[in-house]
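Heads up: the structure comes next, in structure tokens.
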Amino acid sequence: MALCWTTSTGLQTKMPNTFEICKNEVLLYPCRSFYAVIDAIKALALRDDIPVVCANGACGVRAVVKNDTVVIQEQIFHQPVSKAVTQIALQVAKSLGHVVQYYLNDDIYANASEPFHYEITKRYAGLTGVQHIYCQEDALQNTDAIGLPSKILIMCGEQELQKTLASLGQAFEDTNETAYMTQNASGWFVEVLSTNKGLGLQRMCDALNIPIQGAVAFGDGHNDLEFVQCAGLGVAMKNAVDVIAEAADVQCEWSNVEGGVWRHLKQMEGSGLLDATTL
């Protein structure tokens, strides 16, 4: 069995007790880069052969802890945004006057040129703790030179969200490229990828030789849809957006801030549902 959740869904330092008792595979799933999950690995007291899926399903790695430092031991897969999808997303963002966050390896580039661009990227940094590398407006256009991103965020703001989604949808209709678009829960930026969390989960389960039917996935935001749908058991947090609550198999009684993941797992353990044979 694999226990999977995005690192935004309320990790608790008590959680290792549950994993030690049940001897489950722990799959961590940060929305951002690998380094966004380091604190979670330390909090869970994990040490060796730690599977991590990053960037909303685009990257899969194995991590280990060496001399109290969390490092990547092996990259298992990487599905960057395709060149065609990247160029379309950049063109749409430029036509609408939006700044783009371009996730390249462990860096986040932002082609800010207007005061609002800096304002909205700093808003994101304040919520996530990331640091941006600011670049010229057209610096991201030459994808052959800089490389393709793991994902792209178009920072549009709440007022421009629907227009941005519609413009992207129309642009992608004219291409055969596969593109996945989602908004964040509060609706002020759009994520663009060539994969999704569900596909990332499937790839990692395949690499670990774990049937995906034995995975428990916890989600709350729009980009968790395929994640909770493809797992053997999809759990919607109490604070989940409506589309996740409707898609999940069960509802968690607690929210992220209430330690919902740990509480729900303890509840499952007490009912014998963490035994892989009963899932």
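Distance from the alpha carbon centroid of region 59-104 to that of region 207-279 works out to 25 angstrom.
So, with +1 on the Cβ of K and R and -1 on the Cβ of D and E, and no other charges, what is the size of the charge dipole of the chain about its Cα centre, to the nearest 20 debye? Don't jump to the answer; show the numbers that get you there.
Numbers: 18 positive and 31 negative charges, 100 e Å.
Dipole size: approximately 480 debye.
Share of carbon and sulfur in the accessible area of the chain stands at 46%, probe radius 1.4 Å. Between the entries [x] 14.4; [y] 16.9; [z] 15.8, the label attached to mean projected area of the Cα convex hull in nm² calculated for this structure is [x].
Of the beta bridges DSSP finds with both residues in the chain, what % are antiparallel, to the nearest 5?
Working: 29 of 48 bridges.
Within the chain, antiparallel bridges account for around 60 percent of the total.
Based on DSSP H segments of at least four residues, each scored -39500 (n - 2.57), the chain has a per-residue ellipticity at 222 nm of -9500 deg cm²/dmol.
For CYS59, what residues show an amide H to amide H distance below 5 Å, using hydrogens built from the backbone and excluding near sequence neighbours? Here CYS54, GLN79 satisfy the definition. At full extension, ASP68 and GLU177 could sit 35.0 nm farther apart than now, given 0.36 nm per residue minus the alpha carbon distance.
A DSSP coil position with no more than 15 other Cβ atoms inside 10 Å describes the following GluC sites (Glu not before Pro) in region 186-279: GLU253.
With a cut-off of 14 Å on the backbone N, the residues of region 144-182 near the modelled label site 7 Å out from GLN75 along Cα-Cβ are 147-151.
If a/c stays under 1.5 just call it rounded; otherwise compare a/b with b/c (prolate if a/b is bigger, oblate if not). Do that for region 157-276, with a ≥ b ≥ c from the square roots of the Cα gyration tensor eigenvalues.
Numbers: a/c = 3.32, a/b = 1.55, b/c = 2.15.
It is oblate, given that a/c is not under 1.5 and a/b is not larger than b/c.
The lysine pair count for the chain, using Cα distances under 17 Å and pairs eight or more places apart or on different chains, is 11. Subtracting the Cα-Cα distance from 0.36 nm times the residue separation, let me have the gained length for GLU253 to ARG123 in nm, one decimal. Answer, rounded to one decimal: 43.8 nm.
Between ASN209 and GLU269, the C-beta separation translates, for a Förster distance of 22 Å, into a calculated FRET efficiency of about 0.40.
I'm a student and want to see the number: the projected area of the Cα convex hull of region 47-153, averaged over all directions, in nm².
Details: hull surface 30.6 nm².
Projected area, direction-averaged: 7.6 nm².
Loop-only GluC sites (Glu not before Pro) in region 100-184, please: DSSP not H, G, I, E or B, and at most 12 other Cβ atoms within 10 Å.
Here no GluC sites (Glu not before Pro) fit, given the DSSP loop and packing criteria.
The values are calculated or read from the model by the stated rules, or taken from the named source; none is laboratory data. This one's a predicted model, so the numbers in the text were calculated from it and none came from an experiment. Note that we place each Cβ from the backbone using ideal geometry, even for glycine, and neighbour counts take in every protein chain shown. Just so you know, the surface numbers come from the protein's heavy atoms only, side chains and all, with ligands and any DNA or RNA stripped out. Shrake-Rupley method; radii C 1.70, N 1.55, O 1.52, S 1.80 Å.
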